[in-house]
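The values are calculated or read from the model by the stated rules, or taken from the named source; none is laboratory data. The shown structure was predicted, so the numbers you read here are calculated from the model rather than taken from an experiment. Quick reminder, even Gly has a Cβ in these numbers, built from the backbone with ideal geometry, and neighbours come from all protein chains shown. Surface areas here come from the heavy atoms of the whole protein model, side chains and all, with no ligands, DNA or RNA. Shrake-Rupley method; radii C 1.70, N 1.55, O 1.52, S 1.80 Å.
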Amino acid sequence: MLTHNLGYPRIGSHRELKRACEDYWSSRISRDELLEAARAIRRNNWQLQRESDIDLIPCNDFPFYDHVLDLSLMVGAIPARYRPLLEKSDSSELDLYFAMARGYQKDGLDLIAMEMTKWFDTNYHYLVPEFTKDQTFSLTSRKALDEFQEARSLGFNAKPVLIGPVSYLLLGKEKEPGFNRLDLLDRLLPVYLQILGELQDLGAKYVQIDEPFLALDLQDKAKHGYVSAYAEIAKACPELKIILATYFAGLDDNTRLAASLPVSFLHLDLARAPAQLDAVLSLIPPELGLSLGVVDGRNVWKNDFVHSLALIAKAVEMLGSERVALAPSCSLLHAPCDLTIENNEVALPGEIKRWLAFARQKLDEVVTLKELAQSDSHRQHSNELKENLLDMESRRQSVLIHKPAVKQRLATVLPGDLSRQSPFSVRQAKQHALLNLPLYPTTTIGSFPQTDEVRKLRLRFRKGELTQEQYEGAIRRETEQAIRWQEDVGLDVLVHGEFERNDMVEYFGELLEGFAFTANGWVQSYGSRCVKPPIIYGDVERRAPMTVKWSQYAQSLTAKPVKGMLTGPVTILQWSSVRDDQPRSITAKQIALAIRDEVCDLEKAGIRIIQIDEPAIREGLPLRKAEWKDYLRWAVDVFRLASSGVADETQIHTHMCYSEFNDIIDSVAEMDADVITIETSRSQMELLDAFASFHYPNEIGPGVYDIHSPRVPTEKEMCTLLRRARAVLPPRNLWVNPDCGLKTRRWPETRVALANMVAAAKALREQL
Ligand code: GLN
Ligand code: ZN
């Protein structure tokens with residue numbers, strides 16, 4: 001029975017990659033130093049995995065920014081706008097790569113970054129491949145080969161990981177009309193064959209090819225693509241053992257297709273979709289092996305060995321252990337690195353820690369499961385199994401988890417609690433009369449740059465070097481400066497800046513019951529940005545107001561309205577590691593009640609506009625369409641539960657970023673927020689089409705400033721975007737704002753960009 005890993009976190013257990021990349025971007029270190037830092041992380045990751053005794057260790061699972069971008073560079077899918085960089089003599093492949101990821105504004109060049117979107121239903125973002133009708137492909141970056149050789153030179157015969165050709169095309173986007181990106185398969189495949197052939201020549205035995213789309217709803221064209229692509233790969237590389245990896249959902253109606261592909265192993269995500277095992281076993285051909293993803297790569301909970309062993313036994317009984325492999329359910333990229341470096345008993349009490357497993361521990365679990373599965377006597381005498389049973393039982397019984405008062409309140413929620421007092425048109429009139437804002441009001445999404453000073457303040461406060469009073473005084477000064485600055489620049493609806501928040505989810509988690517925290521449980525979100533998801537282990541309850549003090553202070557400084565700023569229930573759920581002992585919808589409802597109380601308290605404190613951020617609504621959408629309805633129902637309901645406790649005059653905003661709205665627009669409308677701000681600038685307002693053709697009834701602020709890039713947008717280009725928006729939306733419903741919060745930006749670029757944005761809004765008003 002083979003054990004393998006689909007991918008290891010690339011950020012380093014102390015975010016070494018983040019530091020190195022950011023140092024390189026700001027010219028604090030040289031390219032060589034960056035490359036050396038990356039080699040050190042890879043070496044360390046390979047070493048750790050070897051220590052766990054896992055049989056096949058992955059390579060080419062280490063991108064500097066994103067593994068889909070790696071592939072675009074590998075196959076030479078480089079959009080034409082970056083050509084000047086290819087021609088510049090002093091520019092390296094790495095500079096081109098980072099330009100594609102982050103945009104480039106230097107030496108008279110001004111290139112916008114590639115579009116970024118969420119990786120399936122995770123909080124990881126990838127860079128969307130761009131295809132043209134006459135798209136050609138050629139082996140351009142040799143990174144996959146180099147990494148294999150690098151591992152070799154360190155004594156590892158690693159398993160290269162590649163995204164498969166069909167999934168790669170499906171992940172991308174046609175940048176002009178008149179073709180279907182799957183038509184490019186014939187042109188793309190030769191590059192894959194070349195890479196696989198070279199890997200084979202270099203001595204690779206196994207190659208993992210990820211085809212996550214195999215577990216999604218597929219068009220016939222894609223199905224045919226799978227058949228022809230894998231037939232060709234098998235023909236060209238008969239020696240290579242291909243592990244075809246699917247994850248995040250079950251194969252369902254694609255089971256027959258997947259099982260018919262000529263590969264050595266088919267990997268199944270049995271954490272997400274355990275029921276698919278029976279279906280696959282019932283029609284598996286004799287030459288195919290199964291890789292069982294029994295250890296959940298997406299969460300932090302310890303594996304339930306008894307449950308996993310039953311699944312393994314079922315497969316072994318039919319196939320024999322030779323044809324069974326064990327692995328985490330998906331790449332461990334989505335899990336924090338290492339539980340053993342967590343030693344803060346207050347943030348993460350020992351009782352809770354005992355229920356957890358991070359990436360390193362998950363590999364140990366895979367290996368232990370193999371040992372347990374292989375011998376009866378081992379099972380009988382195994383301390384690991386006994387301990388695992390006790391851990392599982394302790395979680396089921398713990399009083400830390402169950403709070404009767406929370407369950408009771410949930411049971412008394414009435415349908416009326418989910419609706420505002422009056423319909424939108426009535427609320428809009430009241431709000432406009434009260435707020436008296438100009439046409440095309442300008443605002444921002446909430447956070448302002450988190451400078452080193454602000455971060456240092458928080459760190460020193462945590463270390464006890466600052467008293468609560470000193471810390472809060474300093475944060476108040478930051479807030480005041482931000483308010484003054486916003487008034488000077490001429491914004492209409494202000495924000496307090498979120499200087500007191502480390503993270504939009506963690507901040508609330510720390511103030512709510514039922515959450516635990518790690519010190520180093522970082523997970524990559526995009527590029528060098530990582531998040532540290534809190535762990536929701538028990539019933540959620542609000543102890544006391546969480547934001548009122550800060551909002552009230554900010555509002556006291558100005559006559560302009562300051563938005564209260566909250567994170568919505570679905571986003572708190574989505575960006576946390578969620579307990580798996582009750583439906584997610586129940587946990588979401590508990591959070592919604594806590595947020596509802598906060599919304600009401602903000603209103604009482606005189607806050608007239610309250611924003612409830614829900615950037616994660618769409619990423620929570622189940623991957624299979626059949627499950628959408630159920631999810632959208634409760635996701636909309638919990639937003640309404642959180643937001644409906646206020647008077648008509650109180651304006652509720654929501655914010656979503658990097659969302660494709662076309663397929664959920666009616667649910668977004670049902671949320672009934674008075675104003676929604678969305679991400680649109682990277683896709684040049686494409687998203688707006690959904691809102692326009694649906695005749696979205698409420699107010700809307702399509703982002704005109706891409707805050708995920710350091711590039712400063714000009715007044716003119718924002719005017720162009722706004723005119724495009726005005727052409728399809730009723731002018732009185734249009735807001736002017738950036739795509740998202742500004743916390744990752746620096747003040748100098750933020751100042752210029754927002755001044756340009758305000759100027760753009762003014763120019764538009766004057767055109768009336
Ligand atoms: N209010 C948050 C901020 O500005 C929203 C962040 C987000 O949507 N991801 O930072
Ligand atoms: Zn956002």
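Go through segment 604-613 and count every residue that is part of a loop (DSSP other than H, G, I, E, B) and within 16 Å of ligand 1 (Cβ to nearest atom). Give the steps one after another, and end with the answer.
Step one: filter segment 604-613 for residues part of a loop (DSSP other than H, G, I, E, B), giving 605-608.
Still in the list and also within 16 Å of ligand 1 (Cβ to nearest atom): 607.
Residues meeting the conditions: 1.
So Gln552 ticks every box in (1) open to solvent by 30 Å² or more (accessible area, probe 1.4 Å); (2) farther than 25 Å from Gln431 by Cα but one. Which box is left unticked?
Exception for Gln552: condition (2).
Among the residues of segment 33-44 satisfying the criterion of being under 14 Å from Pro9 (Cβ atoms) and out of contact with any Gly (no Cβ under 6 Å at 6 or more places or on another chain), which is most open to solvent (accessible area, probe 1.4 Å)? Give the steps one after another, and end with the answer.
Step one: list which residues in segment 33-44 are under 14 Å from Pro9 (Cβ atoms), which gives 38, 41-42, 44.
In the following step, the residues that additionally are out of contact with any Gly (no Cβ under 6 Å at 6 or more places or on another chain) were identified as 38, 42, 44.
Values: Ala38: 1, Arg42: 27, Asn44: 82 Å².
My answer is Asn44.
Being more than 15 Å from ligand 1 (Cβ to nearest atom), more than 19 Å from the chain's Cα centre (by Cα) and open to solvent by less than 10 Å² (accessible area, probe 1.4 Å) is the filter here, so list the residues in segment 631-641 that pass it.
Result: Val636, Val638, Leu641.
Considering only segment 368-397, state which residues are in contact (Cβ under 8 Å) with a residue 60 or more places away in the chain and of a type in the set (Ser, Thr, Tyr).
Selection gives Thr368 alone.
List the number of the failed condition for Glu649; all other conditions in (1) open to solvent by less than 60 Å² (accessible area, probe 1.4 Å); (2) part of a loop (DSSP other than H, G, I, E, B); (3) of a type in the set (Asp, Glu); (4) at pLDDT 95 or above hold.
Single failed check for Glu649: (1).
Can you tell me which residue in segment 129-160 is most open to solvent (accessible area, probe 1.4 Å), limited to those that are closer than 23 Å to Ala245 by Cβ and in contact with a Gly (Cβ under 6 Å, 6 or more places away or on another chain)?
Phe137
Go through Gln47, Gln105 for me and flag whichever is part of a helix (DSSP H, G or I), open to solvent by 20 Å² or more (accessible area, probe 1.4 Å) and not basic (Lys, Arg).
Of Gln47, Gln105, the one residue that is part of a helix (DSSP H, G or I), open to solvent by 20 Å² or more (accessible area, probe 1.4 Å) and not basic (Lys, Arg) is Gln47.
Among the listed residues Gln582, Gln552, identify the single one that is modelled with pLDDT under 95 and either closer than 20 Å to His496 by Cα or out of contact with any helix residue (DSSP H, G or I) (no Cβ under 9 Å at 6 or more places or on another chain) (or both).
Gln582
Could you grab the pairs with beta carbons closer than 9 Å, sequence gap of 6+ or different chains, first residue in segment 155-182 and modelled with pLDDT under 95, second one among the hydroxyl-bearing types (Ser, Thr, Tyr)?
Listed by first residue and then by second, the contacts come to Asn157/Tyr206.
Only residues that are open to solvent by 10 Å² or more (accessible area, probe 1.4 Å) and within 16 Å of ligand 1 (Cβ to nearest atom): list them for segment 562-580, please.
Going residue by residue through segment 562-580, those that are open to solvent by 10 Å² or more (accessible area, probe 1.4 Å) are 574-578, 580.
Matches in segment 562-580: Gln574, Trp575, Ser576.
In segment 201-217, which residues are outside any loop (DSSP other than H, G, I, E, B), among the acidic types (Asp, Glu) and surrounded by 21 or more Cβ atoms within 10 Å (Cβ to Cβ)?
Selection gives Asp210 alone.
Would you mind finding the one in Glu513, Glu487 that is at pLDDT 95 or above, within 15 Å of Met546 (Cα to Cα), of a type outside the set (A, V, I, L, M, F, W, C) and open to solvent by 10 Å² or more (accessible area, probe 1.4 Å)?
Selected residue: Glu513, the only one of Glu513, Glu487 that is at pLDDT 95 or above, within 15 Å of Met546 (Cα to Cα), of a type outside the set (A, V, I, L, M, F, W, C) and open to solvent by 10 Å² or more (accessible area, probe 1.4 Å).
How about segment 235-267: which of its residues are in contact with a Pro (Cβ under 9 Å, 6 or more places away or on another chain) and not in a loop (DSSP other than H, G, I, E, B)?
Scanning segment 235-267 gives Lys235, Ile242, Ala245, Ala259, Ser260.
Every residue in segment 687-746 that is among the acidic types (Asp, Glu), open to solvent by less than 10 Å² (accessible area, probe 1.4 Å) and within 15 Å of ligand 1 (Cβ to nearest atom), please.
Asp739, the sole residue that qualifies.
Can we say Ala616 is assigned to a loop (DSSP other than H, G, I, E, B) and either touching a His at 6+ places or on another chain (Cβ under 9 Å) or within 15 Å of ligand 1 (Cβ to nearest atom) (or both)?
yes
From Ala673, Ala669, grab the single residue that is part of a loop (DSSP other than H, G, I, E, B) and either within 16 Å of ligand 2 (Cβ to nearest atom) or modelled with pLDDT of 95 or more (or both).
Within the list Ala673, Ala669, the selection yields Ala673.
State the number of residues belonging to segment 50-69 that are open to solvent by 20 Å² or more (accessible area, probe 1.4 Å) and of a type in the set (Val, Ile, Thr).
0
Kindly check whether there is at least one residue in segment 634-656 that is under 30 Å from Ala273 (Cβ atoms), free of Cβ contacts under 8 Å to residues at least 12 places away in the same chain and out of contact with any Lys or Arg (no Cβ under 9 Å at 6 or more places or on another chain).
Checked against the condition, which is being under 30 Å from Ala273 (Cβ atoms), free of Cβ contacts under 8 Å to residues at least 12 places away in the same chain and out of contact with any Lys or Arg (no Cβ under 9 Å at 6 or more places or on another chain), segment 634-656 yields no hits at all.
Here is a list: Glu387, Glu371. Which entry is of a type outside the set (Phe, Trp, Tyr), surrounded by fewer than 17 Cβ atoms within 10 Å (Cβ to Cβ), touching a helix residue (DSSP H, G or I) at 6+ places or on another chain (Cβ under 8 Å) and part of a helix (DSSP H, G or I)?
Being of a type outside the set (Phe, Trp, Tyr), surrounded by fewer than 17 Cβ atoms within 10 Å (Cβ to Cβ), touching a helix residue (DSSP H, G or I) at 6+ places or on another chain (Cβ under 8 Å) and part of a helix (DSSP H, G or I) holds for just one of Glu387, Glu371, which is Glu371.
Out of Ala635, Ala626, which single residue is part of a helix (DSSP H, G or I), hydrophobic (A, V, I, L, M, F, W, C) and at pLDDT below 95?
Residue meeting the stated conditions: Ala626.
Any residue at all in segment 610-619 that is surrounded by fewer than 20 Cβ atoms within 10 Å (Cβ to Cβ) and away from ligand 2 (no atom under 14 Å from the Cβ)? Give the derivation first.
Going residue by residue through segment 610-619, those that are surrounded by fewer than 20 Cβ atoms within 10 Å (Cβ to Cβ) are none.
No: zero hits.
Considering each residue of segment 652-666, count those that are more than 16 Å from ligand 1 (Cβ to nearest atom) and open to solvent by less than 10 Å² (accessible area, probe 1.4 Å), and give that number. Break it down into steps so the answer makes sense when it comes.
Of all residues in segment 652-666, those more than 16 Å from ligand 1 (Cβ to nearest atom) come to 662-666.
From what is left, the residues that are open to solvent by less than 10 Å² (accessible area, probe 1.4 Å) are 664.
Of the residues in segment 652-666, 1 are more than 16 Å from ligand 1 (Cβ to nearest atom) and open to solvent by less than 10 Å² (accessible area, probe 1.4 Å).
Say we look at segment 270-295 and pick out the residues that are without any contact (Cβ under 8 Å) to a residue 40 or more places away in the chain and among the charged types (D, E, K, R); which of these is most open to solvent (accessible area, probe 1.4 Å)?
For segment 270-295, the residue satisfying everything is Glu287.
Answer with yes or no whether Gly606 is modelled with pLDDT of 95 or more and surrounded by fewer than 23 Cβ atoms within 10 Å (Cβ to Cβ).
In short, yes.
Which residues, counting only those in segment 407-422, are at pLDDT 95 or above and part of a helix (DSSP H, G or I)?
Answer for segment 407-422, where residues must be at pLDDT 95 or above and part of a helix (DSSP H, G or I): Gln408, Arg409, Leu410, Ala411, Pro415, Gly416, Asp417, Leu418.
Can you name every residue in segment 459-483 that is among the basic types (Lys, Arg) and touching a residue at least 60 places away in the same chain (Cβ under 8 Å)?
Across segment 459-483, the qualifying residue is only Arg476.
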